[in-house]
Amino acid sequence: MDTRRLCAAIFERSGIAVDEHDPIVAVLAASAEQTEELGERLLSRTSPVRIALAITVAAAIFAAAGTGMGWVLAQQRFEAERVEWLRKQSDPRLTALLQSEQGRAGVQLAELGVAALLANCNGRPSWSVQEGYCVLATPEGRPDGFRVGEQTR
């Protein structure tokens, strides 16, 4: 260890001038040498494999934490959507409609995909809209249909 450089560094940082033959300089030089030796030992113990392993473990921990947080947020969102759906289902008008015969028939037609055909009057080529009615011809040739749109009376 160069004691002149050590004395110069002490003077630069603290403003205290220390003689290089002073006993404190010997203690400081020994301390600096020990610090360098400890640093070299620590660096020699570390290997790229250990560093890569430590980084991998840290990444796995953060990934698990992120996945956990994502799961919690998804569960909260699902619960909020479920509460909203239950709120909508508690509408007495909708409940009465679904309990009626026409409501159940409408749900069955929607499940079969027929409701849109009936509403748009496009289920069969023979269907047409005449004066606001969806009209189709019966096997006897007579028109048979139902009203589409607003009724005016």
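The values are calculated or read from the model by the stated rules, or taken from the named source; none is laboratory data. Note that this is a predicted model, so its numbers are computed, not measured. Methodologically, a virtual Cβ is constructed for each residue, glycine included, from the backbone with ideal geometry; neighbour enumeration extends over all protein chains shown. Areas reflect the complete protein model, heavy atoms only, side chains present, ligands, DNA and RNA absent. Shrake-Rupley method; radii C 1.70, N 1.55, O 1.52, S 1.80 Å.
General remarks:
- Local electrostatic count at residue 33 - Lys and Arg +1, Asp and Glu -1, tallied over other residues with Cβ under 15 Å: -2
- When 2, 19 are compared by accessible area at a 1.4 angstrom probe, the order from most to least is 19, 2.
- Note, ³J(HN,Hα) from phi for region 50-63, Karplus 6.51, -1.76, 1.60, rounded to Hz, x at Gly and Pro: 5, 5, 4, 5, 5, 5, 5, 4, 4, 5, 5, 5, 5, 5
- Phi-based couplings in Hz for region 7-15 (Karplus 6.51, -1.76, 1.60; Gly and Pro marked x): 4, 5, 5, 5, 5, 4, 7, 10, x
- For region 1-71, averaging the sequence separation of C-alpha pairs within contact (under 8 Å, six or more residues apart) and dividing by the residue count gives a relative contact order of 21 percent.
- ³J(HN,Hα), Karplus 6.51/-1.76/1.60, whole Hz, each residue of region 106-116, x for Gly, Pro: x, 5, 5, 5, 5, 5, 7, x, 8, 4, 5
- Residue 134 long-range amide H proximity, modeled H, under 5 Å: 146, 147, 148
- Per-residue surface analysis assigns residue 27 an accessible area of about 90 Å², computed on protein heavy atoms at 1.4 Å probe radius.
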